[in-house]
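Data block below; observations after.
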Amino acid sequence: MKFQHLVQINDPLNPLIDSLTREQVWRGLVMKAENPLLFVPTLDSFKLLARDAGSIERELHFGRLVVRDRISFHPPDRTRQEIDAAGEIPAATLVTSIEAPDELQLFVCFDYTSHPNNGAPPVDPLYQGFVKQAYVEADTDAIRTIRRLVVEGKL
């Protein structure tokens, strides 16, 4: 399954939304990788397994389900998350990019690709719709959390 969507950060036509800088959004995306507990309410715990100059490797615990992933950082505007298969959950990739079509607008693009297990039956389109909606909600919540962290002076 491939799925991509945008979350608008700055909207020059909406004065009720505080504008964020590219740097604030970038720091928020890095914080999301380094401390996912702030961003994923269903996450019980996580372990940082490895870190180097441009990437981290983690183990995420959702009850009995353990998910391993690697996130590479491509400052100032892109992260790439490689998620290992876990049981019936297929491997996946998430590329998150900060996009600025002009100096007033700012977006974050979330680009998902799942890699079905060999021999797995096709995923039901209805189920895919639920997964896509869950991605949109989780990503919108992540941006909301970044906004809150900026207001709190943590970014």
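The values are calculated or read from the model by the stated rules, or taken from the named source; none is laboratory data. Because the structure is a prediction, the values reported are computed rather than measured. Here the Cβ positions follow ideal geometry from the backbone for every residue, glycine too, while neighbour counts run over all protein chains shown. With ligands, DNA and RNA removed, areas are computed over all heavy atoms of the protein, side chains included. Shrake-Rupley method; radii C 1.70, N 1.55, O 1.52, S 1.80 Å.
Going Cα to Cα from Lys47, which aspartates and glutamates come in below 17 Å? Please leave out same-chain ones fewer than 8 positions away. Within the straight-line cut-off, Lys47 pairs with Glu34, Glu57, Glu59, Asp69, Glu82, Asp84.
When only the Cβ of Lys, Arg, Asp and Glu is charged (+1, +1, -1, -1), the dipole of region 62-127 relative to its Cα centre reaches about 360 debye. Ignoring lysines fewer than eight residues from Lys154 along the same chain, the ones with Cα atoms less than 19 angstrom from its Cα are Lys32. The long axis of helix 125-151 is offset from the longest Cα principal axis of the chain by roughly 40 degrees. Selection among Pro12, Leu37, Leu149 by position relative to the dipole of the chain gives Leu37 as farthest towards the positive end (Cβ unit charges, Cα centre). Per-residue Karplus couplings for region 42-55, computed as 6.51 cos²θ - 1.76 cosθ + 1.60 with θ equal to phi - 60°, are listed in order as 8, 7, 7, 6, 8, 10, 8, 8, 7, 8, 9, 4, x, 7 Hz, Gly and Pro entered as x. Our summary gives the chain a relative contact order of 26 percent, counting only alpha carbon pairs under 8 angstrom and 6 or more residues apart. With everything on Cα atoms, drop me the angle between helix 22-34 and the longest principal axis of the chain, reported from 0 to 90° to the nearest 10. So the helix axis and the longest Cα principal axis differ by about 30 degrees.
Under a Gaussian network description of the chain, with springs only between Cα atoms under 10 Å, the residue in Asp52, Asp84, Asp11 that fluctuates furthest is Asp52.
Dipole size of region 1-87 about its Cα centre, with +1 on Lys/Arg Cβ and -1 on Asp/Glu Cβ: approximately 180 debye, rounded to the nearest 20.
Among Pro41, Pro76, Pro15, the largest mean-square fluctuation in a Gaussian network model of the chain, built with springs joining Cα atoms closer than 10 Å, belongs to Pro15.
Annotation for Thr21 and Tyr127: the two label points, set 7 Å from Cα along the Cα-Cβ direction, are 4.5 nm apart. Remark on Leu43: its backbone amide H falls under 5 Å from none of the residues 5 or more positions apart or on other chains, H modelled at 1.01 Å from N.
Taking a cut-off of 19 Å, what percent of all Cα-Cα pairs in region 101-155 are separated by more than that? Looking at region 101-155, the distances longer than 19 Å represent 53 percent of pairs. Of the peptides 104-112, 88-96, the order by per-residue mean of other Cβ atoms within 10 Å, starting with the highest, comes out as 104-112, 88-96.
Each of Leu49 and Lys2 was given a label point 7 Å from its Cα along the Cα-to-Cβ line. The distance between the two points is 2.8 nm. The string of couplings for region 88-99 from the Karplus curve (6.51, -1.76, 1.60, θ = phi - 60°) is 7, 7, x, 4, 8, 10, 10, 10, 10, 10, 8, 10 Hz, one whole number per residue in order, with x for Gly and Pro. The Rg/Rh ratio for the chain, using Cα coordinates for both the radius of gyration and the Kirkwood hydrodynamic radius, is 0.97. Expressed as a whole percent, the accessible surface of the chain that belongs to carbon and sulfur atoms is 56, based on a 1.4 Å probe. Ordered from longest to shortest, the equivalent ellipsoid semi-axes for region 1-73 are 28, 16, 13 Å, each the square root of 5 times a Cα gyration tensor eigenvalue. About the centre of its Cα atoms, the chain shows a dipole size close to 320 debye [charges on the beta carbon of Lys, Arg (+1) and Asp, Glu (-1) only; nearest 20 debye]. Here the gap between Thr42 and Ala91, fully extended at 0.36 nm per residue and compared with their Cα-Cα distance, gives a gain of 15.7 nm. Taking the centroid of alpha carbons for each part, region 20-42 and region 75-133 are 17 Å apart.
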